[in-house]
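Undergrad: Next up is a structure, given as C-alpha cells.
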Amino acid sequence: MASISPIYQAIGSIGESQFELQSKSIPGLTLRIPTSETIGDVVDILANKANSELDRSISDATTEELQSIARHWTTVDSPLSHVNFLVRQGDKPLGIAGLGWIGPANDEDEKQSERAGAAGVMIQPFARGKGYAYEALRMVFAYGLRELGLTEVWVGTHSKNVPMRKLMENKFGLLPEVSTDGLDKFGNDLQWTLKKDWLQPNV
Ligand SMILES: CC(C)(COP(=O)(O)OP(=O)(O)OC[C@H]1O[C@@H](n2cnc3c(N)ncnc32)[C@H](O)[C@@H]1OP(=O)(O)O)[C@@H](O)C(=O)NCCC(=O)NCCS
C-alpha cells in the first residue's frame, strides 16, 4: 500500500519487509526500520561519541546496551510503542531518525485514545550540514501525524545543543517551551510540540 504525502513516498506499510519512506526532495534518501543486516550500522551511529555527547539516554551506555537498543529498533509492535528508522542515501548509512517513544498523549486519558510520539534525529558528522536532519525529521513528523494518527509529536533537546536548536528554530520555524524545573529524565530542558496543524502549511 502506498500512501500519499507531498514530501515522501511510502513503499509498503510498517511491519512489511519492503517498507520504506523515500524522500521526494533528496534523491536516494530513505528511512527504513533496521534489520539484522543493518543493525551494525545503527550500533556504529549510536556508539559515535560525537553523536551522543548531549544525549544522556545513551552517552554512558555500554556496547552491549547499545546493541540491545538497536535490536529493539528492529521490532515493530502493536500498538506501536516506537518507530525507529535508519536514514540512508542509497546503501550508505547517514544516521537515525524516528519516534523513540509512542504512547498516551495525556496521562489522565484512561482510554488512551489520543497518542503522541517523541521524535529525534542523529546524523553522522561526515553527513552533517547537508539538510539530511531536516529532511529526515520532517518525514518523521509527517509520518507520525499523518500516517500513525498521533495528535502530537514532541522533540526534546538540551539548550546547549545549538545545531538541534537551530534546526528546530530556524529551519522549522518553531520555538521551544523552556523548562523552569530543570532537566527531564533525558537531560533535556527544551521541548517543541508539533500538532496536526503543522501538516497543513508544510506537508
Ligand atoms: C542536530 C543534527 C541532527 C543536525 O544535523 P544536520 O544534518 O547537520 O542538519 P541539517 O543539515 O539538516 O541542518 C538544518 C538546519 O539546522 C541548523 N544547523 C544544523 N547544524 C548547525 C550548526 N552546527 N550550527 C548552527 N546551525 C545548524 C541550520 O539552521 C540548518 O539550516 P541551513 O543549512 O539552511 O543553515 C546533528 O548535528 C546531530 O546529529 N547531532 C548529534 C545528535 C543530536 O544532538 N541530535 C538531536 C537530539 S534529538
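The numbers here are math on the coordinates, done by the rules we state, and not lab data. Keep in mind the model is a prediction, meaning the values are calculated, not measured. Note that each Cβ is placed from the backbone with ideal geometry, even for glycine, and that neighbours are counted across all protein chains shown.
Undergrad: So for the chain, if I pair up every lysine 8 or more residues apart or on another chain, how many of those pairs have alpha-carbons under 24 Å apart?
TA: Number of lysine pairs found: 25.
Undergrad: For the chain, with the dipole built from +1 on Lys and Arg beta-carbon atoms and -1 on Asp and Glu ones, taken about the Cα centre, which of 188, 57, 132 lies farthest toward the positive end?
TA: My answer, from the dipole projection, is 132.
Undergrad: For the stretch 82-119, state which trypsin sites (Lys or Arg not before Pro) are in a DSSP loop and have at most 16 other beta carbons lying within 10 Å of their beta carbon.
TA: Answer by residue number: 111.
Undergrad: Using only DSSP helix segments of four residues or longer, with each worth -39500 (n - 2.57), what per-residue ellipticity at 222 nm results for the chain after dividing by its residue count and rounding to 500? Please list the in-between numbers first.
TA: On the way: 6 runs with 44 residues, N = 203.
Computed mean residue ellipticity for the chain: -5500 deg cm²/dmol.
Undergrad: Once the Cα gyration tensor of the stretch 1-70 is found, what semi-axes does its equivalent ellipsoid get, as square roots of 5 times the eigenvalues, in whole Å, sorted largest first?
TA: Each semi-axis is √(5λ); the values are 29, 15, 10 Å.
Undergrad: Could you check the simple spin-label distance between residue 54 and residue 108, using points 7 Å along Cα→Cβ, in nm with one decimal?
TA: 3.4 nm
Undergrad: Compute, for the chain, the length of the dipole vector about the Cα centre, with Cβ point charges of +1 (Lys, Arg) and -1 (Asp, Glu) only. Units Debye, rounded to 20.
TA: 860 debye
Undergrad: I would also like to ask the following. I'd like the trypsin sites (Lys or Arg not before Pro) in the stretch 137-203 restricted to DSSP loop residues with at most 10 other Cβ atoms within 10 Å, sorted by number.
TA: Numbers: sites: 138, 146, 160, 165, 166, 171, 185, 195, 196; in loops: 160, 185.
Answer in residue order: 185.
Undergrad: Arrange 60, 77 by Cβ neighbour counts within 10 Å, fewest through most, would you? Could you put the intermediate results ahead of the total?
TA: Details: 60 8, 77 11.
Listed from fewest to most nearby Cβ atoms, that is 60, 77.
Undergrad: A further question on this structure: I want to make sure I understand the PRE zone here: with the label point 7 angstrom from the Cα of residue 184 toward its beta carbon, which residues in the stretch 102-136 have backbone N atoms less than 18 Å away?
TA: 102-109, 114-122
Undergrad: Give me the mean projected area, in nm² to one decimal, of the convex hull enclosing the Cα positions of the stretch 1-159.
TA: Average of the hull's projected areas for the stretch 1-159 equals 9.8 nm².
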